[in-house]
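Colleague: Sharing a structure, written as C-alpha cells. Questions coming.
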Amino acid sequence: MKIKSLLAALVISITAVVSQGQDIRLPQPRLSEEATLKSALENRCSQREYDNTREINPLELSNLLWAGWGYNREDKRTAPSALDRQEITLYVCMKDGVYRYDAEANGLIQITDKNIMGLTGKQSFVESAAINIIYVCNKELSSSRSMSMVCCGAISQNISLYCASTGLATVVRGAFDADTLRTALKLSPNHEVLLTQSVGYPATK
Ligand SMILES: Cc1cc2nc3c(=O)[nH]c(=O)nc-3n(C[C@H](O)[C@H](O)[C@H](O)COP(=O)(O)O)c2cc1C
C-alpha cells in the first residue's frame, strides 16, 4: 500500500515536471559586441528564402527577443510605446508549438503544441522559416491603433537590425489572416493581431 502511494506521488511529480517543461526558460541574452549599428543598417533587408533545416538556438532566440522587446531598464523596454503602455505581446511560432514571450521572466510560455506555422501568413515561405513572430495588441492598454502600429514597427525594426547584425534572415509581414490567428492563439476579443515577422537562417544559394 505504501509502495502504491509512493508510486502515485512519483507519477504526479513526473507529470508536473513534464508540463512545466513545455514552457522554455531562455538563457540570459548575450549579444555580440562586434557588430556595429552601421553594418546592421547596411545589411538590413527583407529576405524570403529560408533554410528549413536550421533551427534558432535558445541563446539566439533569447538575444533576438530581448533586442526586440526585452527590458533594458527595470521596467522599460528596448522599443518605445505610446504613454509607456507596453501593449504589445510577442507570440513565437515554432514547429513544436506556439509560445508567448514573457520578457520579465525571460522565458516562453507554451500556448499550444500544434504546428501553426502555415497559418501565420499567406506566402509559402512562412513554413520554411525557423520561427514566425506574431505581434498581438492588448486593445484595453492601447492608447490608439495607430500608436500600437508604431510600437510594432519599432519592435520589428529592432528584430530586423538584430538579424542583420548576426546573419539571420527576416521579413515583416502584413499578409496574414487576423481571424485565423486569433482563433489559433485562443485570443480574447480585446486582443488584435497587428503584424507578423518571419525569422530564420537564409537559404544557401
Ligand atoms: C508594414 C509592412 C508590411 C509588410 N508586409 C509584407 C508581407 O506581407 N509580405 C512580404 O513578403 N513582405 C512584406 N513587407 C516587406 C516589404 O515588402 C519590404 O520591406 C519592401 O519590399 C522593401 O524591401 P526591403 O525591406 O528589403 O528594403 C512588409 C513591410 C512592412 C513595413
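The values are calculated or read from the model by the stated rules, or taken from the named source; none is laboratory data. What you see is a predicted model, and the numbers here were worked out from it, not measured in a lab. Virtual Cβ from ideal backbone geometry, glycine too; neighbours counted across all protein chains shown.
Colleague: Report every pair of residues separated by at least 6 positions or lying on different chains whose Cβ atoms are under 8 Å apart, first residue within segment 176-193 and of a type in the set (Lys, Arg), second outside any helix (DSSP H, G or I).
Modeller: Matching pairs, first to second residue: Arg182/His191; Arg182/Glu192; Arg182/Val193; Lys186/Ile111; Lys186/Thr112.
Colleague: So which residues in segment 130-154 are more than 12 Å from the ligand (Cβ to nearest atom) and crowded, with 20+ Cβ neighbours inside 10 Å?
Modeller: Ala130, Ile131, Ile133, Ile134, Val136, Cys137, Ser142, Ser148, Cys151
Colleague: Does Thr120 meet the test of being under 29 Å from Asp177 (Cα atoms), more than 16 Å from the ligand (Cβ to nearest atom), among the polar types (S, T, N, Q) and in contact with a strand residue (DSSP E or B) (Cβ under 9 Å, 6 or more places away or on another chain)?
Modeller: no
Colleague: Next question. State all residues of segment 71-113 that are within 16 Å of the ligand (Cβ to nearest atom), among the small types (Gly, Ala, Ser) and part of a strand (DSSP E or B); if no residue qualifies, say none.
Modeller: Those that are within 16 Å of the ligand (Cβ to nearest atom), among the small types (Gly, Ala, Ser) and part of a strand (DSSP E or B): none in segment 71-113.
Colleague: Just to check your reading of the model, which residue among Ile116, Ile131, Ile111 is aliphatic (A, V, I, L, M) and in contact with a Phe, Trp or Tyr (Cβ under 9 Å, 6 or more places away or on another chain)?
Modeller: Only one candidate passes the filter, namely Ile111.
Colleague: If you take the residues of segment 194-205 that are over 16 Å from the mean Cα position of the chain (by Cα) and in contact (Cβ under 8 Å) with a residue 40 or more places away in the chain, which of them is nearest to the ligand (Cβ to nearest atom)? Reasoning before the result, please.
Modeller: Pass one, segment 194-205, residues over 16 Å from the mean Cα position of the chain (by Cα): 202-205.
When the remaining residues are screened for being in contact (Cβ under 8 Å) with a residue 40 or more places away in the chain, the result is 202-204.
On the way: Pro202: 13, Ala203: 15, Thr204: 19 Å.
Out of the qualifying residues, it is Pro202.
Colleague: Among Ala175, Ala184, which is near the ligand (Cβ under 9 Å from one of its atoms), modelled with pLDDT of 95 or more and over 29 Å from Arg30 (Cα atoms)?
Modeller: Only one candidate passes the filter, namely Ala175.
Colleague: Right, something else. Have a look at Ser165, Ser160 and point out the one that is small (Gly, Ala, Ser), in contact (Cβ under 8 Å) with a residue 60 or more places away in the chain, crowded, with 16+ Cβ neighbours inside 10 Å and within 14 Å of the ligand (Cβ to nearest atom).
Modeller: Of the residues listed, the single one that is small (Gly, Ala, Ser), in contact (Cβ under 8 Å) with a residue 60 or more places away in the chain, crowded, with 16+ Cβ neighbours inside 10 Å and within 14 Å of the ligand (Cβ to nearest atom) is Ser160.
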